[in-house]
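Let me begin by presenting the structure, written as structure tokens, before commenting on it.
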There are 2 protein chains.
Amino acid sequence: MSTLGDRVPVRLVVGVDLKTVAPILVPFAPIMNEARLESPAPDRSGRDAIDVGAVRTYLLDLQDRITAACEAEDGGRFREDTWDRGEGDRGDEGDSADPDRSGRPDADRPDEDRLKAIWGGGRSRVIERGKLFEKAGINFSDVGGDSLPAAASARRPELAGRSFRAMGVSLVLHPENPYVPTSHANVRFFLAEKPGEAPVWWVGGGFDLTPYYPFEEDAVHWHRTAREACRPFEEALGEPVHDRFKRWCDEYFYLAHRGEARGVGGLFFDDLNEWGFERSFAFLRAVGDAFLPAYLPIVRRRRETPWGERERRFQLLRRGRYVEFNLVYDRGTLFGLQSGGRTESILMSLPPLVRWDYDWRPEPGSPEARLTEEFLVARDWLAGT
Amino acid sequence: MSTLGDRVPVRLVVGVDLKTVAPILVPFAPIMNEARLESPAPDRSGRDAIDVGAVRTYLLDLQDRITAACEAEDGGRFREDTWDRGEGDRGDEGDSADPDRSGRPDADRPDEDRLKAIWGGGRSRVIERGKLFEKAGINFSDVGGDSLPAAASARRPELAGRSFRAMGVSLVLHPENPYVPTSHANVRFFLAEKPGEAPVWWVGGGFDLTPYYPFEEDAVHWHRTAREACRPFEEALGEPVHDRFKRWCDEYFYLAHRGEARGVGGLFFDDLNEWGFERSFAFLRAVGDAFLPAYLPIVRRRRETPWGERERRFQLLRRGRYVEFNLVYDRGTLFGLQSGGRTESILMSLPPLVRWDYDWRPEPGSPEARLTEEFLVARDWLAGT
């Protein structure tokens, strides 16, 4: 059985809304030096059911496996930044994330007391200007604290003040070739507890695909892989697991001001604990493990497709929509930025090069028009399959 | 005396918070066909003091003068889009702004009742890939309704349900040459009334400069022009008008997650009515009229400076901060997008081409480092002048 670092005694918990706290994963994502990452102290709490150490071990391994596969595919190496923040340590390495250096008269300053109570660590891995990936980031973070800030638990006020632990892997891959879709995946775990009360925990995550050019077979493969990951749970539970989380993904990754989806969707789930820890964690693993089989075949199918100015320009314009989603809607990004998180880790998800042209519209009937009309809509990609 | 279209009887009003409603200027910015723009019906309301028609005439003329000056400077022509929305008319010309076309299952849909009650018009003027301006937009809009939506008056709930009128000119100029700063200006007027109660009105606006390379003389000229615009009001009122609105500008255009200002500031004011209509409107004109004298000398001084890859890359990275500000913080942009406004008009402010590199930092001691360290901080540019 996996275990936790001795800095954070294992605490068990049960039922919530990670959306309010998930952002903590990225923003406060400090380091864990390698020693601590490799050799957590054993869990002697005796409490069980929720195996936090196993989640951590899985997440670290998932990050390693996805990184290795992306490196093999790209031929280049990811750069790794690890960082650490202990109690009382603001944890920024760079000036750019320090809200205090501007001499600004009346800025909202981060709540120092709150920051002090949060510790944690992370490993950010980034590649830029690779052969395949123009920019890609694969982050692990593990954050905790003795008292959950009210801001982080706005939607579940009863959690404020609990000790908490939040960890996850989050990745965004932006290929250079416009025929290769951008992809995003995230798996996360949250735990909050209070002496004498039942622990609160849940898992969340998913993956979604953002193609620039419309290929039905890619979208079908993506969703089929997602459905396969859900199938054992559907069979065991007799519930439409895939349908539920596929719809949730369509709803979440939606740009209301554009009237279009960010991409073709995939899976999105959150607050999941109703199946108990063992099965919920198994589902988390099933989703995490499905990412590479969902994405790599599409990469391999499209990466040699020749492209030119036209495709590049369209890709840059579409990337603008990606930025709009992440900065206007994405709860994790916004919470992270507003709460004093590490900006460069949070914004690693933004594409490397982006265009905004005024009122640009594709030629009717073109592949660019088909993308929006036929792909960036909620759609049952597996109908009849 | 100038007058209003007969569609909107002149209504007078007095004291608030335009931040809550200013966004309406852009987002609902529908058309005004030329006939209506040119020949409003006379004001026969008999009520006075607040001369809405004069504000409208001034704003249209200001847009014309700034457009003409920018065209003369660039050598190219702005493209004009006018649009109109009558009562009961959703007013979108294009599909891209229609939140209903995605077939999305559970989207938040705009409140049709609210939209029906808003009419208005606007002229958007845009140039792209000009000799001087890589992208520039100069918008006029004039919007009103019989009942101010609660969402638009969240900070002044007592205004909900009042009839209202909001108009303004808003511009963002993105030059291609990285040595020429980006600039933004806005002047706006708001009026809300209710039978039997005192009218509520205010003016707001300002201008701010976003240089990519640090030139003291440019920042000093910009702020000196701003101070000159304020001087007659300071003298008449015995108040530190410039200081007050200069500080407000520093506070507003601030990226907390970066710990830096968007640019070197300028002027920002809002909710201004304490001086009475005549003087407030005079101040609005003074600010609007000061924009060209503040900006053009800087353009002329820098536009021939040779630049290369290094300067271009830095400009694109800095433009990323501009996007971050507009999408994460700017109240007008966010309200507009969230309330179903015309997306292409709202996002006209975004730069044409933008970069995000992971954790990019300038070489210590370089001009790029000096920009952030010495220019993107709240600073008294006119000390001792």
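The values are calculated or read from the model by the stated rules, or taken from the named source; none is laboratory data. Computed from a predicted model, the values in this text were never measured in an experiment. No Cβ is skipped: glycine too gets one built from the backbone with ideal geometry, and neighbour counts run over all protein chains shown. Just so you know, the surface numbers come from the protein's heavy atoms only, side chains and all, with ligands and any DNA or RNA stripped out. Shrake-Rupley method; radii C 1.70, N 1.55, O 1.52, S 1.80 Å.
A few comments on the model shown:
- Residue satisfying all of: in region A:197-210; out of contact with any Leu (no Cβ under 8 Å at 6 or more places or on another chain) and open to solvent by 20 Å² or more (accessible area, probe 1.4 Å); nearest to residue A:275 (Cα to Cα) among these: A:198
- When residue A:319 is tested against the conditions (1) part of a helix (DSSP H, G or I); (2) surrounded by fewer than 22 Cβ atoms within 10 Å (Cβ to Cβ), the lone failure is (2).
- Taken over region A:247-265, the criterion of being touching a Leu at 6+ places or on another chain (Cβ under 6 Å) and touching a residue at least 60 places away in the same chain (Cβ under 8 Å) is satisfied by A:257, A:260, A:261, A:263, A:264.
- Count of region A:212-232 residues which are out of contact with any strand residue (DSSP E or B) (no Cβ under 6 Å at 6 or more places or on another chain) and either closer than 12 Å to residue A:290 by Cβ or within 14 Å of another protein chain (Cβ to nearest Cβ) (or both): 10
- Selection of region B:262-289 for residues being of a type in the set (A, V, I, L, M) and open to solvent by 10 Å² or more (accessible area, probe 1.4 Å) yields B:282, B:286.
- Hey, residue A:245 open to solvent by less than 10 Å² (accessible area, probe 1.4 Å) and among the aromatic types (Phe, Trp, Tyr) or not: yes
- Number of residues in region B:211-225 that are outside any loop (DSSP other than H, G, I, E, B) and open to solvent by 10 Å² or more (accessible area, probe 1.4 Å) equals 6.
- Residue ID - surrounded by the most Cβ atoms within 10 Å (Cβ to Cβ), chosen from residues in region A:131-163 that are touching a helix residue (DSSP H, G or I) at 6+ places or on another chain (Cβ under 7 Å) and within 14 Å of chain B (Cβ to nearest Cβ): A:136
- Some residue of region B:250-270 being in a loop (DSSP other than H, G, I, E, B), within 24 Å of residue B:375 (Cβ to Cβ), touching an Asp or Glu at 6+ places or on another chain (Cβ under 6 Å) and more than 10 Å from chain A (Cβ to nearest Cβ): yes
- Condition check for residue B:332: farther than 30 Å from residue B:154 by Cβ, small (Gly, Ala, Ser) and open to solvent by 10 Å² or more (accessible area, probe 1.4 Å): no
- Filter pass, residue B:312 being within 14 Å of chain A (Cβ to nearest Cβ), in a helix (DSSP H, G or I) and surrounded by 19 or more Cβ atoms within 10 Å (Cβ to Cβ): no
- Screening region B:78-91 for residues that are within 14 Å of chain A (Cβ to nearest Cβ) and under 21 Å from the mean Cα position of the chain (by Cα) and picking the one that is modelled with the lowest pLDDT gives B:83.
- Restricting B:383, B:369, B:294 to residues that are assigned to a helix (DSSP H, G or I), more than 15 Å from the chain's Cα centre (by Cα) and either surrounded by fewer than 20 Cβ atoms within 10 Å (Cβ to Cβ) or within 11 Å of another protein chain (Cβ to nearest Cβ) (or both) narrows the list to B:369.
- Among residues of region A:211-240, those that are more than 22 Å from residue A:315 (Cα to Cα) and acidic (Asp, Glu), counted: 4
- Scan of region B:325-366 for residues that are facing chain A (nearest Cβ under 7 Å), assigned to a helix (DSSP H, G or I) and in contact with a strand residue (DSSP E or B) (Cβ under 7 Å, 6 or more places away or on another chain), ordered by number: B:348
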